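Colleague: The structure is given below, and queries will be raised subsequently.
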Amino acid sequence: MKFVNDAFDRFAKKTPISVMVRATIENVLSTQRLDAIFDENAEQQYVGDLLFSTVADIMGQVV
């Protein structure tokens with residue numbers, strides 16, 4: 001996810017711990033996992049043209 005990449009690139013240059021944390025967060029917040037969580041928990045929501053992971057990525061860039 002782009003917002004995760006941008007946020008952690010700054011920290012990864014200074015400390016190796018950040019690189020390990022980044023790998024963990026990218027795995028936890030992978031697009032496949034976010035979409036699976038949405039599919040499992042959506043009650044009235046549905047997937048149209050945008051996947052939930054795409055919306056989360058866009059919102060992450062704004063925030």
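Coordinate-derived values only; no laboratory data. Nothing here was measured: the structure is a model prediction, and the numbers come from that model. When we count neighbours, we look across all protein chains shown, and the Cβ atoms used for this are built from the backbone with ideal geometry, even at glycine.
Colleague: For the chain, what is the calculated [θ] at 222 nm in deg cm²/dmol (nearest 500), taking -39500 (n - 2.57) for each run of four or more DSSP H residues and dividing by its residue count? Display every interim value, and only then the final one.
Modeller: On the way: 4 runs with 46 residues, N = 63.
Result for the chain: -22500 deg cm²/dmol, rounded to the nearest 500.
Colleague: Just to confirm the filter: which chymotrypsin sites (Phe, Trp or Tyr not before Pro) across segment 22-52 are DSSP coil and have at most 10 other Cβ within 10 angstrom of their Cβ?
Modeller: Working: sites: 38, 46, 52; in loops: 46.
Passing sites in segment 22-52 are 46.
Colleague: Given DSSP loops and a limit of at most 13 other Cβ atoms within 10 Å, what is the longest stretch of the chain that contains no such trypsin sites (Lys or Arg not before Pro)? If you can, show how the numbers build up before the last one.
Modeller: Numbers: sites that count: 13, 14.
Counting only loop sites that pass the neighbour cut-off, the longest clear stretch is 15-63.
Colleague: Looking at the calculated P(r) for the chain, what percent of the C-alpha pair distances fall above 17 Å? Could you put the intermediate results ahead of the total?
Modeller: Values: 912 of 1953 pairs.
Tail of P(r) above 17 Å: 47 percent of Cα pairs.
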